[in-house]
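Heads up, the thing below is written out as structure tokens.
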């Protein structure tokens with residue numbers, strides 16, 4: 001594997017680089033966010049080990065910019081911060097995993113192997129279908145740049161439909177995503193929820209994105 005290590009602590013860089021090189025990996029290093037962005041654009045890395053607390057641009061901003069540039073290289077965050085909020089920010093920015101310092105090199109290597117096995121499929125922080133934009137981290141929805149306020153269940157339904165845009169989502173799939181096993185779901189509950197969602201996400205914008213596929217389920221059409 002070719003791995004990029006981004007950390008401004010030379011001791012950490014030397015320690016991690018040596019451990020990975022002993023396993024036969026090629027290792028490049030950077031000490032600042034700006035250098036990390038440049039290297040990530042210039043070379044096809046299999047994984048990036050990225051410290052949150054680095055100069056110029058912090059690790060979260062580096063991660064955000066890489067994802068905005070459609071760079072889906074797996075990213076493992078390193079953090080010495082105990083605050084959960086810092087780790088949440090990094091993961092919501094598009095990082096794939098994190099380790100809290102100090103850490104065992106064996107665990108670092110195992111996490112990198114797991115990330116590389118998953119590959120680098122596109123996994124944007126925002127979900128977009130046509131002019132609808134969903135921010136899963138904030139549970140926010142916009143259409144044509146306007147905020148759309150949904151209930152928790154309406155939001156979940158929209159997210160399911162948008163994640164499967166232009167493909168049919170069956171009624172059974174919707175029930176499985178929106179209700180637990182203990183819930184008693186009436187025969188028309190899905191229809192009612194879809195109708196309420198249409199009233200908020202389609203009707204005010206003169207759109208008909210959510211279509212019924214008779215005998216099958218529903219589809220969110222991203223191209224009208």
Over the stretch 2-118, what portion of Cα pair distances is larger than 20 Å, expressed as a whole percent?
32 percent
Cα centroid of the stretch 61-131 to Cα centroid of the stretch 196-221, whole Å
34 Å
Kindly state, to the nearest 0.05, the FRET efficiency for residue 173 paired with residue 70, given R0 = 22 Å and r defined as their beta-carbon distance.
0.15
For 118-125, 22-29, 43-50, ranked highest to lowest by mean beta-carbon neighbours within 10 Å, the order is 43-50, 22-29, 118-125
Tilt, helix 10-22 to longest principal axis of the chain (alpha-carbon atoms), in degrees rounded to tens, equals 80 degrees
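At R0 = 25 Å, how high is the FRET efficiency between residue 26 and residue 125 if r is their beta carbon distance? Nearest 0.05 is fine.
0.30
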For the chain, list log₁₀ I(q)/I(0) at each q in 0.18 Å⁻¹, using the Debye formula over Cα point scatterers of equal strength and ignoring solvent, two decimals each.
-1.14
Counting each DSSP H run of 4 or more residues in the chain as -39500 (n - 2.57), what helix-only mean residue ellipticity at 222 nm follows after dividing by all residues, to the nearest 500 deg cm²/dmol?
-12000 deg cm²/dmol
In nm, spacing of pseudo-spin labels at residue 146 and residue 92 (7 Å Cα→C-beta vector):
2.6 nm
Can you tell me the 0 to 90 degree angle between the C-alpha axis of helix 59-68 and the longest principal axis of the chain, rounded to 10?
50 degrees
Quick one: among 171, 89, 140, which has the greatest mean-square fluctuation in a GNM of the chain with alpha-carbon springs under 10 angstrom?
171
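Can you give me the orientation-averaged projected area of the convex hull built on the Cα atoms of the stretch 127-220, in nm²?
Details: hull surface 23.6 nm².
Approximately 5.9 nm², given one-decimal rounding.
Quick one: work out the % antiparallel among DSSP beta bridges in the stretch 64-217, nearest 5.
On the way: 12 of 16 bridges.
Bridges in the stretch 64-217 that DSSP calls antiparallel: roughly 75 percent.
How much length, in nm to one decimal, is gained on full extension between residue 18 and residue 153, taken as 0.36 nm per residue of separation minus their Cα-Cα distance? Please report the intermediate quantities before stating the final value.
Values: separation 135, 0.36 × 135 = 48.60 nm, distance 4.96 nm.
Using 0.36 nm per residue and subtracting the Cα-Cα distance, I get 43.6 nm.
Normalised by the number of residues in the chain, what is the relative contact order in percent for Cα pairs under 8 Å and 6+ residues apart? Working shown, then result.
Numbers: 337 pairs, mean separation 29.1, N = 224.
The normalised contact order for the chain reaches 13 percent.
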Taking the C-alpha atoms of the stretch 1-52, how large are the radius of gyration and the largest Cα-Cα span, Dmax, in Å?
10.2, 28
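Bear in mind these aren't lab numbers, they're just calculated from the coordinates by the rules spelled out. Every value quoted in this text rests on a predicted model; they were computed, and no experiment measured them. FYI the Cβ positions are ideal-geometry reconstructions off the backbone, even for glycines, and counts take in every protein chain you see.
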